[in-house]
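One structure below.
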Amino acid sequence: SNDLKGTAHSDMANGISTGIKSLNNILTNMLFFAKSQKPLFTDVKLADAVEESINMLIPLIQIREINLSQNMTDVVVRSDAELLKQVFMNIILNAVQAMPDGGNLKVAIEENTEYVTVSVIDDGEGINPQNIEKIFDPFFSTKDKGTGLGLAIAHKIMQTHGGFIKAYKNEGKGSTFC
């Protein structure tokens, strides 16, 4: 598109370029979703994976003036750290995007005898109860620019780990994913 700078076709070229990047992103997501993941399991300190995911999103959290609180434990889980980070980044990013005017974001690790749970709690607009059944379906999205594959991929990653994701609309404001 650089050859066309300053011409009438410049905007069209930029539009095509953006469209190709978007399509590439969708196809990458689709390929990820289609191929069965072979996770590389190691002992992972869960708090480290959560922290790294949050750190990637810190600039966005700060720009939106979101109040972040964390409650971590030292639990170690047998998992694929990179895949888990994809899940956490996806869920935390959704929570941040649900609070365009700021708000509170809480990320907490809890343990019981059966499961280790990572909860992401926001006080954004919350999930429409009509959509709660559909949000993990491939290609379902409430965002204009979303492919709808993010939560479906997150769900699939958790399945490969023998786990799951649940979503709730909070009593007051916002949503909880855990």
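The values are calculated or read from the model by the stated rules, or taken from the named source; none is laboratory data. Note that the coordinates shown come from a computational prediction; the quantities given were computed from them, not determined experimentally. Positions of Cβ are backbone-derived with ideal geometry, glycine not excepted, and every protein chain shown enters the neighbour counts. For the accessible areas, the whole protein counts, side chains as well, though only heavy atoms, and no ligand, DNA or RNA atoms are used. Shrake-Rupley method; radii C 1.70, N 1.55, O 1.52, S 1.80 Å.
Considering each of Thr28, Thr7 in turn, give the residue that is at pLDDT below 90, farther than 23 Å from Cys178 by Cα and not in a loop (DSSP other than H, G, I, E, B). So the residue among Thr28, Thr7 that is at pLDDT below 90, farther than 23 Å from Cys178 by Cα and not in a loop (DSSP other than H, G, I, E, B) is Thr28. When we screen Val50, Val87 for residues that are open to solvent by less than 60 Å² (accessible area, probe 1.4 Å), among the β-branched types (Val, Ile, Thr), assigned to a helix (DSSP H, G or I) and at pLDDT 95 or above, the only hit is Val50.
Here Ile109 meets each of (1) in contact (Cβ under 8 Å) with a residue 40 or more places away in the chain; (2) open to solvent by less than 40 Å² (accessible area, probe 1.4 Å); (3) part of a loop (DSSP other than H, G, I, E, B); (4) more than 23 Å from Lys38 (Cβ to Cβ) with one exception, condition (3). Note on segment 137-151: residues that are surrounded by fewer than 19 Cβ atoms within 10 Å (Cβ to Cβ) and either among the acidic types (Asp, Glu) or outside any loop (DSSP other than H, G, I, E, B) (or both) amount to 2.
Taking first residues from segment 75-100 that are free of Cβ contacts under 8 Å to residues at least 60 places away in the same chain and closer than 14 Å to Leu151 by Cβ and partners that are surrounded by fewer than 21 Cβ atoms within 10 Å (Cβ to Cβ) and among the charged types (D, E, K, R), the Cβ contacts under 8 Å between residues at least 6 apart in sequence or on separate chains come to Gln97/Lys143. Among the residues of segment 55-76, those identified as modelled with pLDDT under 95 and either among the aliphatic types (A, V, I, L, M) or surrounded by 14 or more Cβ atoms within 10 Å (Cβ to Cβ) (or both) are Met56, Leu57, Ile58, Leu60, Ile61, Ile63, Arg64.
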